[in-house]
Amino acid sequence: MKRTIIFITLILSFPALIFAGGVIRGTVVDAGDGAPLPGANVQILGTLFGASTNLEGKFVVENIPPGTYDLRISMIGYRSQTKKNVYVAMGKEVVLNIKLKETPIEFDPIVVSAGKTKQRLDQAPVSLSVVSAKDIARRNATNLIESLETAPGVNFIGDQINIRGSTGYTFGAGNKVLLLLDGVPVYAADTGEFNWDMLPPLDIEQIEILKGAGSTLWGASALGGVVNIITKSPSPEGKLMFSSIFGKYDQPYYKEWYWTNHERLFYSRFDISYSKQFGPFGMRVSAGRFVSTGYQQLGDFEKYNLTGKFDYVFANKVKWTGYAAYSYIDRGFFIQWKGQNDPYEVDETNLDNYATTNQLNLYTKLAIPLSPRFGINFRASMVRTLMGNQFGGNAGFNPAYGEGLEIQADWIPLYGHIVTFGVQYQHDAGSNKYFGKHRGYFIGPYIQNEWKMRDNLRLTTGLRYDRYQLVGGLKEDLISPRFGINWQPFTSTTLRASVGSGFRAATIVERFLELSIMNFKIISNPDLKAESSWAFDVGFRQYFTENWNIDVSFFDNEYWRMIEAHLDLIRGQVQFRNITRARIQGIEATTNFNFPFSFSKQKFDFNSQISITAMNHEDLKWHEPLTYRPKLLATIKTSFGWRGLQLQVDYRYASKIDEVQIYPINDRVPMKFWDARLSLDVGNVTLQASAKNLLQYNYAPMESNLMPPRTFVLGVQGSF
């Protein structure tokens, strides 16, 4: 026992024993008023070293080997800065004073989803979009869907996310996008569904959206893209944050659609969070409640959140992080309307269609820096999901468990090379009377090397092998290579190109569900094969000024054995089947600009983001459009500010969906939604009044389901 304790002590002390060198310390402040910036990130490029500023905006990095380094300093809401050629001598100390400029638009945020290591967005070889905490607060988002719905190339059909048309709509199962929470998969193990209410928007630091296949690093389900939700870390100072939102649904567009007293229809959400660093220990805890009567029958719900994030930094720089999130949902299920003259009502036989869901997300991580150029990360995680009678009657659900383990190493063997390698294990299990009891697992080793050939040229190569095993059934072997290049011929121009592979094994529900619901019978397909894809992407980013850029991407996503829900109207049967070949091609363009100006000695600020995604999608066997996918998406987000007052207008457009499954002859229209908001900052508190779907536009992305009517919203957010 004593030998074991001594061995563990030596391992944990190893980094401190082998590091020796100089020190970089300094202060990071706001360039405008000189106020210290707590929580700013300082990264020493070419090493695994970094630090965060404390309450006074100060940071220190010790035991740096002698040499010349570049430092990157970044913080959400500020322009990142690179300090070049900082010389560190043995036993000497370097003192830096850094001033960061505030920016209303994140022009060059730091991301981790491109390579599992921190890098600037404009240095990534793949197409990425970032939704910041400021964007989420700006929209008064009540859940993750509202946080993401204006991101370039993203749209939702029901609760299913589409990145450049990847998923369509598969009745709640089988998302072709991988959802991550701080890099940890968080889908339901049996159905593959996402819980978009798993944490309050108040907890989110930023959301990174990787477009195209991402299985080389992230594994199964990253077929059409990855959404990585980065949660806020404990703050250096004690901080209490709160958000209160109240929404009131307007009357239906036509009097014939009235189904209840609209005065009673509302929703409200309240969240509170506290965060503080106590020396080496940090904590952040949050709680929230979200209730609504709904705007339609069976649209009412009651939802609760409780989350906690904790970390501890040992003296030898070993860092432990633990996270827990509990979500409780009690809600009705609106499957389809009673009729076109009663779009907010359901058939009387469905009025008992209610369900509860309990979900618990847990992960623990340990980051061990063994040297300035080598570090190991361990991760263990679990997602426990218990659903109620979602399919009607007593479904006999048992908890579904998704359990994961991962070991990742980051290695800098030579200057200019960052090698990331590791192995991931995932086990999924679930059971109920409609699909039986099943378990499956996959194990996947991976490796990626980012080679900085020159200061302005980076080459990325990677490879992953996965073995998927359905216990007592199907075995599948999958290979996921990846290649990428990022070239900056000029300081204001970035060119990128990438090709990568993705895969997704069918969920338990897609393979084995047997159920009669309404007028349809869902039949199982145990022989369903894993779907795979190749994603080709070529793009460029151009900075015209420090306040204006444009990003353009050409993409071609090729799919094999794509899993889609097949409807046999004659027999009244639904079955998940493999489409032999499919293709989605298109172009995406996004521009961001910030235009500050003065008039009559008053300072004004105008910000805007405009995005257009044009796609052509096709089932290559039958030469038909894929179902539930628009061919054109567009978003416009603008804000006009004066002092603490802001007027914001958003527009979302999706072209008419060409192909659907259930009622193909019904009329369909494009989506045209306008939102308007007026916000006022009063000290640390922001007051907001808004109108969503301002023009009362009636839109049904899937048959017999209208999206919400005009909604008036009041919100209050603040921190102390």
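The values are calculated or read from the model by the stated rules, or taken from the named source; none is laboratory data. Bear in mind that the values here come from a model prediction, so they are computed numbers and not experimental data. Counting neighbours? That spans all protein chains shown, and the Cβs are built from the backbone with ideal geometry, glycine included.
Scanning for something within 27 Å of V184 (Cα to Cα), among the aliphatic types (A, V, I, L, M) and not in a loop (DSSP other than H, G, I, E, B), does the range 245-264 turn up at least one residue?
No; the residues of the range 245-264 include none that is within 27 Å of V184 (Cα to Cα), among the aliphatic types (A, V, I, L, M) and not in a loop (DSSP other than H, G, I, E, B).
Please find, among F673, F712, the residue that is part of a strand (DSSP E or B), in the same structural domain as G165 (by TED's automatic domain parsing), under 23 Å from Y254 (Cβ atoms) and in contact (Cβ under 8 Å) with a residue 40 or more places away in the chain.
Working: F673 fails: in contact (Cβ under 8 Å) with a residue 40 or more places away in the chain.
Exactly one residue qualifies, and that residue is F712.
What is the number of the single condition among (1) surrounded by fewer than 19 Cβ atoms within 10 Å (Cβ to Cβ); (2) under 27 Å from E564 (Cα atoms); (3) modelled with pLDDT under 95 that Q585 does not meet?
Going through (1) surrounded by fewer than 19 Cβ atoms within 10 Å (Cβ to Cβ); (2) under 27 Å from E564 (Cα atoms); (3) modelled with pLDDT under 95 one by one, Q585 breaks only (3).
Name every residue in the range 644-661 that is closer than 30 Å to D568 by Cα and surrounded by 15 or more Cβ atoms within 10 Å (Cβ to Cβ), in order of residue number. Don't jump to the end; show me each part of the working.
Pass one, the range 644-661, residues closer than 30 Å to D568 by Cα: 654-661.
Within the range 644-661, A654, S655, I657, D658, E659, V660, Q661 meet the criteria.
Within the range 231-240, can you find the residues that are modelled with pLDDT under 95 and more than 20 Å from V111 (Cα to Cα)?
Hits for the range 231-240 are P236, E237, G238, K239.
Out of all the residues in the range 464-480, is one or more part of a strand (DSSP E or B), over 29 Å from G192 (Cα atoms) and free of Cβ contacts under 8 Å to residues at least 60 places away in the same chain? Lay out the reasoning, then the answer.
Just the residues of the range 464-480 that are part of a strand (DSSP E or B), to begin with: 464-470, 475-480.
Remaining after also requiring over 29 Å from G192 (Cα atoms): none.
No, the range 464-480 has no match at all.
Among the residues of the range 405-456, which ones are acidic (D, E) and within 30 Å of A497 (Cα to Cα)?
Those that are acidic (D, E) and within 30 Å of A497 (Cα to Cα): E406, D410, E450, D455.
Take the residues in the range 205-224 that are touching a Leu at 6+ places or on another chain (Cβ under 8 Å) and more than 23 Å from F421 (Cβ to Cβ); name whichever of them is surrounded by the most Cβ atoms within 10 Å (Cβ to Cβ).
So, considering only residues that are touching a Leu at 6+ places or on another chain (Cβ under 8 Å) and more than 23 Å from F421 (Cβ to Cβ), the one surrounded by the most Cβ atoms within 10 Å (Cβ to Cβ) is K211.
Tally up the residues in the range 258-293 that are crowded, with 19+ Cβ neighbours inside 10 Å and touching a Leu at 6+ places or on another chain (Cβ under 9 Å), please.
Number of matching residues: 7.
Going residue by residue through the range 288-306, is there one that turns out to be of a type in the set (K, R), within 24 Å of the chain's Cα centre (by Cα) and more than 15 Å from G247 (Cβ to Cβ)? Outline the logic, then answer.
Initial filter on the range 288-306 (of a type in the set (K, R)): 289, 303.
Going one step further and asking which of them are within 24 Å of the chain's Cα centre (by Cα), we end up with 289, 303.
With more than 15 Å from G247 (Cβ to Cβ) added as a condition, the list becomes none.
No, because not a single residue in the range 288-306 is of a type in the set (K, R), within 24 Å of the chain's Cα centre (by Cα) and more than 15 Å from G247 (Cβ to Cβ).
Does K101 satisfy the criteria of being at pLDDT below 90, in contact with a helix residue (DSSP H, G or I) (Cβ under 9 Å, 6 or more places away or on another chain) and among the charged types (D, E, K, R)? Give the derivation first.
Values: at pLDDT below 90: yes; in contact with a helix residue (DSSP H, G or I) (Cβ under 9 Å, 6 or more places away or on another chain): no; among the charged types (D, E, K, R): yes.
No.
If I ask for residues that are at negative phi and within 27 Å of the chain's Cα centre (by Cα), which ones from the range 19-46 would you list?
L37, P38, A40, N41, V42, Q43, I44, L45 - these are the residues of the range 19-46 that are at negative phi and within 27 Å of the chain's Cα centre (by Cα).
Please find, among A16, A51, A20, the residue that is surrounded by 13 or more Cβ atoms within 10 Å (Cβ to Cβ), modelled with pLDDT under 50 and out of contact with any helix residue (DSSP H, G or I) (no Cβ under 6 Å at 6 or more places or on another chain). Steps first, please.
Numbers: A51 fails: modelled with pLDDT under 50; A20 fails: modelled with pLDDT under 50.
The match here is A16.
Among the listed residues S147, S129, S113, identify the single one that is among the small types (G, A, S), in a strand (DSSP E or B) and under 13 Å from the mean Cα position of the chain (by Cα).
Values: S147 fails: in a strand (DSSP E or B); S113 fails: in a strand (DSSP E or B).
Only one candidate qualifies: S129.
For the structure I just gave you, tell me whether D410 is in the same structural domain as P372 (by TED's automatic domain parsing), within 29 Å of V538 (Cβ to Cβ) and in a strand (DSSP E or B). If you could, list the steps in order and put the result at the bottom.
On the way: in the same structural domain as P372 (by TED's automatic domain parsing): yes; within 29 Å of V538 (Cβ to Cβ): yes; in a strand (DSSP E or B): yes.
Taking the combined requirement at face value, the residue satisfies it.
Taking V130 as the residue in question, decide whether it is crowded, with 17+ Cβ neighbours inside 10 Å, more than 20 Å from D182 (Cβ to Cβ) and in contact (Cβ under 8 Å) with a residue 40 or more places away in the chain. Talk me through it step by step, then tell me what you get.
Numbers: crowded, with 17+ Cβ neighbours inside 10 Å: yes; more than 20 Å from D182 (Cβ to Cβ): no; in contact (Cβ under 8 Å) with a residue 40 or more places away in the chain: yes.
For V130, the condition - crowded, with 17+ Cβ neighbours inside 10 Å, more than 20 Å from D182 (Cβ to Cβ) and in contact (Cβ under 8 Å) with a residue 40 or more places away in the chain - is not met.
Does any residue in the range 545-560 that is outside the structural domain of G214 (by TED's automatic domain parsing) and farther than 30 Å from P596 by Cα come within less than 8 Å, Cβ to Cβ, of a residue that is of a type in the set (V, I, T) and crowded, with 16+ Cβ neighbours inside 10 Å six or more places away or on a different chain, and which pairs are these?
Close Cβ pairs satisfying both conditions: none exist.
Please return the ranges of strands (runs of 3 or more DSSP E) entirely within the range 488-569 where 3 or more residues are at pLDDT 95 or above. Steps first, answer last, please.
Details: elements: 493-504, 515-517, 520-522, 531-545, 548-568.
Result: 493-504, 531-545, 548-568.
In contact (Cβ under 8 Å) with a residue 40 or more places away in the chain, out of contact with any helix residue (DSSP H, G or I) (no Cβ under 9 Å at 6 or more places or on another chain) and more than 30 Å from Y697 (Cβ to Cβ) - does that describe any residue in the range 620-635?
Checked the range 620-635: at least one residue is in contact (Cβ under 8 Å) with a residue 40 or more places away in the chain, out of contact with any helix residue (DSSP H, G or I) (no Cβ under 9 Å at 6 or more places or on another chain) and more than 30 Å from Y697 (Cβ to Cβ).
When the range 638-670 is examined, which residues are found to be closer than 30 Å to F171 by Cα and assigned to a strand (DSSP E or B)? Write out each step before concluding.
If we filter the range 638-670 for residues that are closer than 30 Å to F171 by Cα, which is where we start, we get 650-670.
Of everything in the range 638-670, those that are closer than 30 Å to F171 by Cα and assigned to a strand (DSSP E or B) turn out to be D650, Y651, R652, Y653, A654.
Among the residues of the range 177-191, is there at least one that is touching a residue at least 12 places away in the same chain (Cβ under 8 Å), buried (at least 24 other Cβ atoms within 10 Å of the Cβ) and at positive phi?
Scanning the range 177-191, I find no residue that is touching a residue at least 12 places away in the same chain (Cβ under 8 Å), buried (at least 24 other Cβ atoms within 10 Å of the Cβ) and at positive phi, so the answer is no.
Quick one: in the range 413-429, of everything that is part of a strand (DSSP E or B) and of a type in the set (A, V, I, L, M, F, W, C), which residue is surrounded by the most Cβ atoms within 10 Å (Cβ to Cβ)? Don't jump to the end; show me each part of the working.
Within the range 413-429, the first condition is being part of a strand (DSSP E or B), and the residues that meet it are 417-429.
Still in the list and also of a type in the set (A, V, I, L, M, F, W, C): 418-419, 421, 423, 429.
Values: I418: 24, V419: 18, F421: 17, V423: 16, A429: 19.
Out of the qualifying residues, it is I418.
When you scan the range 41-85, how many residues do you find that are within 20 Å of G22 (Cα to Cα) and in a loop (DSSP other than H, G, I, E, B)? Quick ask: steps written out before the conclusion?
Residues of the range 41-85 that are within 20 Å of G22 (Cα to Cα), as a first pass: 41-53, 58-73, 82-85.
The next check asks that each one be in a loop (DSSP other than H, G, I, E, B); those that pass are 45-49, 53, 65-66.
Result for the range 41-85: 8.
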